[in-house]
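Report on one structure; see the data block that follows.
The values are calculated or read from the model by the stated rules, or taken from the named source; none is laboratory data. Keep in mind that this is a model prediction, so the values were computed, not measured. All Cβ positions, glycine included, derive from the backbone under ideal geometry; neighbour counts span all protein chains shown. Calculation scope for accessible area: heavy atoms of the full protein, side chains included, ligands and nucleic acids excluded. Shrake-Rupley method; radii C 1.70, N 1.55, O 1.52, S 1.80 Å.
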Amino acid sequence: MTEVPVPLAEDEIAAALRDVPGWRREGDEITRTYGIRYHGGVAMIVHVADVERLISHHADIDLRWGTIRFAITTHDAGHRLTEADFDLARRIDGVARAHGAEPLDDLTVA
């Protein structure tokens with residue numbers, strides 16, 4: 001039987017955000033945008049999808065010309081933030097480095 005993920009308390013979210021520099025909270029999700037060429041972004045999505053499949057957790061991904069944006073929340077916890085979200089954020093940062101994606105910490109993609 002699969003356990004229901006436990007949402008983090010506000011102080012736990014604040015602490016977890018300090019451990020994933022560049023990620024920011026937008027409502028009940030954490031987001032980050034990277035600059036990457038379009039086809040590199042496609043390759044990055046495939047790499048992230050392989051990681052997501054292994055850990056049974058996924059991000060919403062928005063690929064645009066020159067940028068890729070990830071938004072993470074735990075759907076099984078009522079679209080609230082859990083430790084799984086921050087784990088995935090760290091993993092995405094590693095994949096981004098491997099693909100040469102440049103963090104765009106101050107960019108908001110519409």
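Annotations for the structure displayed:
- Accessible area of the chain belonging to carbon and sulfur atoms, whole % at 1.4 Å probe: 53
- The angle between the Cα long axis of helix 38-55 and the longest principal axis of the Cα atoms of the chain comes to about 30 degrees, rounded to the nearest 10.
- Arg97-His39 pseudo-label distance in nm [points 7 Å out on the Cα-to-Cβ vector]: 2.7
- Taking the Cα centre of the chain as reference, the dipole from Cβ charges on Lys and Arg (+1) and Asp and Glu (-1) amounts to some 520 debye.
- Distance histogram in 5 Å bins (all Cα pairs of the chain, percent per bin): 2, 13, 25, 24, 19, 11, 5, 1, 0
- Along each principal axis, Cα extent of segment 55-100, largest first, Å: 32, 20, 14
- Ile55-Asp19 FRET efficiency (beta carbon distance; Förster radius 22 Å; 0.05 resolution): 0.80
- Based on C-alpha pairs under 8 angstrom that are at least 6 apart in sequence, the chain has a relative contact order of 37 percent.
- Take segment 1-92 with all the other protein chains still there, run a 1.4 Å probe, and you get 57 Å² of accessible area per residue.
- Tilt relative to the chain, helix 83-98 - C-alpha long axis, 0 to 90 degrees, to 10: 20
- Segments 77-90, 53-66, 18-31 sorted - mean Cβ within 10 Å per residue, highest first: 77-90, 18-31, 53-66
- Once the chain from Trp65 to Arg90 is taken as fully extended at 0.36 nm per residue, the excess over their C-alpha distance is 6.6 nm.
- Calculated mean residue ellipticity at 222 nm for the chain: -12500 deg cm²/dmol, from DSSP H runs with n ≥ 4 weighted as -39500 (n - 2.57), summed, divided by the residue count and rounded to 500.
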